[in-house]
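Okay, so here's the structure we're looking at.
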Amino acid sequence: MNPRKIFNKTIPFVALLSLLSIASCSKGTAVKKGSEAKPSLGQEQQVKGGGEMKEMAGMQGMSGMQGTKEGEMKAGEKPSEFVVPVERQQQIGVTYAKVERKPLRHTIRAVGLTVPDKTRNWQFVSRVDGYIQKLHVTAPGELVEKDAPLLSIYSPDLLTSEREFVELLRMRDEAKTKDARETPQRLIESAKRRLQLWNITEQQIAELEKTRKASDTLTLLSPFRGVVQSVPLEQGKSVKTGDMLVEVADLSVVWVWAEFYENELSMLQAGQKIAVTAKSYPGEKFDGTISLINPFIDETKRTAKVRIDIPNADFRLRPGMYVNAELEMDMGTALTIPVSAVMPTGARSIVFVDKGEGKLEPRIVQLGSKYGDIYEVQSGLQENERVIASANFLIDAESKVQGALKEFGEGQKAENTAAAETKP
């Protein structure tokens with residue numbers, strides 16, 4: 001056989017054996033190194049004995065620590081402290097606040113629209129056929145006093161009814177006996193009711209009974225002091241029964257329809273006093289009372305309308321004016337901390353408690369409601385403890401850096417200890 005061919009076949013085989021040998025050696029070396037880096041159970045307990053074991057026990061329950069589950073730590077539990085020198089705290093702008101017991105006041109705000117009180121709004125409707133003889137008010141916005149004339153209607157039917165009423169009065173007066181007066185008296189009462197149905201007031205009927213002069217003109221009087229809201233008629237225009245003549249609104253009390261969110265409705269009840277402000281009168285407050293809470297929720301805005309009654313004797317609040325409604329409620333007293341002291345981490349809230357001399361302790365707290373710029377503290381803190389009120393995220397970053405360096409140092413120390421023990 002040719003020696004050259006034998007050599008060419010032998011070389012690949014030798015190379016393959018060499019590679020297998022190198023891989024076997026590498027694996028053995030890796031296993032050895034792994035055994036050196038990982039001490040035995042007894043060695044590990046020796047390395048982590050004493051103070052280090054206590055420190056690690058204090059860290060259990062914090063997010064990311066071995067042997068604990070996320071969310072297992074409860075409010076008030078104390079993880080290990082860490083140190084940020086006072087000089088360093090001053091450099092990053094740390095401020096402090098005390099855990100204090102304060103009175104809690106909750107304010108609910110809403111926007112509302114002013115409208116007339118419908119129980120004090122009067123629409124005059126023609127109850128006879130006739131013609132507008134004279135308009136005593138001509139435009140919306142005119143102020144009218146009680147019993148002031150609004151308009152006069154000429155009506156032949158009215159003249160006929162008044163003449164009938166005057167004639168019945170004459171027949172009653174001329175009757176000689178009591179029995180003879182009974183029939184005219186019944187007819188007089190019937191005629192009087194008919195005149196009242198035509199918007200003739202008691203005073204006007206009494207005047208007709210006194211003067212005994214029938215008139216073909218009906219003058220409508222304002223039933224209260226108010227403001228003319230609409231006058232859809234012109235002088236000389238004919239009117240029929242059912243036509244709207246004039247509308248007068250008494251604005252001595254107005255309604256405000258305010259919209260409150262559905263989660264605020266449980267705090268409201270009829271009879272509560274509420275303050276109303278308007279941009280037209282800066283610095284002034286109008287006292288109102290909640291009179292009605294609409295139980296129906298707007299499906300789009302998730303709000304319900306609440307009616308507020310406001311005295312308005314000087315007519316300063318006008319229909320169509322937007323106002324702000326504010327309801328302040330006393331919620332008692334409780335432990336509080338500033339909102340800026342809380343660092344939210346998802347489902348939990350953390351504050352840093354100042355232990356003095358640069359020592360800080362992260363503390364998980366249970367918070368209640370938010371009142372302005374403070375939180376109610378339900379658990380996790382004690383009164384007069386001092387907490388970090390600003391630069392929380394910088395403090396958190398500082399603690400994470402220290403934790404990473406500490407873990408790195410412990411790992412190096414464990415490796416050095418294991419290497420020293422494995423030397424012959």
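The values are calculated or read from the model by the stated rules, or taken from the named source; none is laboratory data. From a predicted model like this one, the values you see are computed outputs, not experimental measurements. FYI the Cβ positions are ideal-geometry reconstructions off the backbone, even for glycines, and counts take in every protein chain you see.
Looking at 138, 107, just one residue is of a type in the set (Val, Ile, Thr), under 46 Å from the mean Cα position of the chain (by Cα) and over 27 Å from residue 217 (Cα atoms), and that residue is 107.
Inspect region 262-274 for any residue being assigned to a strand (DSSP E or B), of a type outside the set (Val, Ile, Thr) and in contact (Cβ under 8 Å) with a residue 24 or more places away in the chain and give the result as yes or no. Scanning region 262-274 turns up no residue that is assigned to a strand (DSSP E or B), of a type outside the set (Val, Ile, Thr) and in contact (Cβ under 8 Å) with a residue 24 or more places away in the chain.
Apart from one condition, residue 331 fits all of (1) modelled with pLDDT of 90 or more; (2) within 30 Å of residue 112 (Cβ to Cβ); the exception is (1). Applying the set (1) within 28 Å of residue 242 (Cβ to Cβ); (2) surrounded by 15 or more Cβ atoms within 10 Å (Cβ to Cβ) to residue 184 leaves exactly one unmet item: (1). From the list 253, 323, 246, 239, the one residue that fits, being touching a Lys or Arg at 6+ places or on another chain (Cβ under 8 Å) and either of a type in the set (A, V, I, L, M, F, W, C) or under 30 Å from residue 150 (Cβ atoms) (or both), is 253.
Under the condition of being closer than 16 Å to residue 233 by Cβ and among the β-branched types (Val, Ile, Thr), the residues counted in region 145-191 number 1. Residue selection: residue 329 satisfies the criterion of being under 26 Å from residue 283 (Cβ atoms) and within 26 Å of the chain's Cα centre (by Cα).
Would you call residue 358 on the phi > 0 side of the Ramachandran plot, touching a helix residue (DSSP H, G or I) at 6+ places or on another chain (Cβ under 6 Å) and not β-branched (Val, Ile, Thr)? It is true that residue 358 is on the phi > 0 side of the Ramachandran plot, touching a helix residue (DSSP H, G or I) at 6+ places or on another chain (Cβ under 6 Å) and not β-branched (Val, Ile, Thr).
Give region 277-311 a look and list any residue that's outside any loop (DSSP other than H, G, I, E, B) and touching a residue at least 40 places away in the same chain (Cβ under 8 Å), or say none.
277, 303, 304, 305, 306, 307, 308, 309, 310, 311 - these are the residues of region 277-311 that are outside any loop (DSSP other than H, G, I, E, B) and touching a residue at least 40 places away in the same chain (Cβ under 8 Å).
Contact map, region 163-186: first residue without any contact (Cβ under 8 Å) to a residue 12 or more places away in the chain, second residue part of a loop (DSSP other than H, G, I, E, B) and surrounded by 12 or more Cβ atoms within 10 Å (Cβ to Cβ), Cβ cut-off under 6 Å, separation 6 or more or different chains; pairs are 181/175. Applying the criterion of being of a type in the set (Val, Ile, Thr) and buried (at least 17 other Cβ atoms within 10 Å of the Cβ) to the residues of region 187-204, the residue that is modelled with the lowest pLDDT is 200.
Test residue 325 against the stated conditions and say whether it is aliphatic (A, V, I, L, M), modelled with pLDDT under 85 and either out of contact with any helix residue (DSSP H, G or I) (no Cβ under 8 Å at 6 or more places or on another chain) or not assigned by TED's automatic domain parsing to the domain that holds residue 287 (or both). Answer is no for this residue. Only one entry of 383, 376 meets the criterion of being part of a loop (DSSP other than H, G, I, E, B) and either at positive phi or at pLDDT 70 or above (or both), and that entry is 383. Checking each residue in region 337-353 for being under 21 Å from the mean Cα position of the chain (by Cα) and either at pLDDT 95 or above or of a type in the set (Val, Ile, Thr) (or both) picks out only 339.
Every test in (1) surrounded by fewer than 19 Cβ atoms within 10 Å (Cβ to Cβ); (2) assigned to a strand (DSSP E or B); (3) of a type in the set (D, E, K, R) is passed by residue 314 save one, and that test is (2). Criterion first (in contact with a Ser or Thr (Cβ under 6 Å, 6 or more places away or on another chain), of a type in the set (A, V, I, L, M) and surrounded by 12 or more Cβ atoms within 10 Å (Cβ to Cβ)) does residue 144 satisfy it? Answer is yes for this residue.
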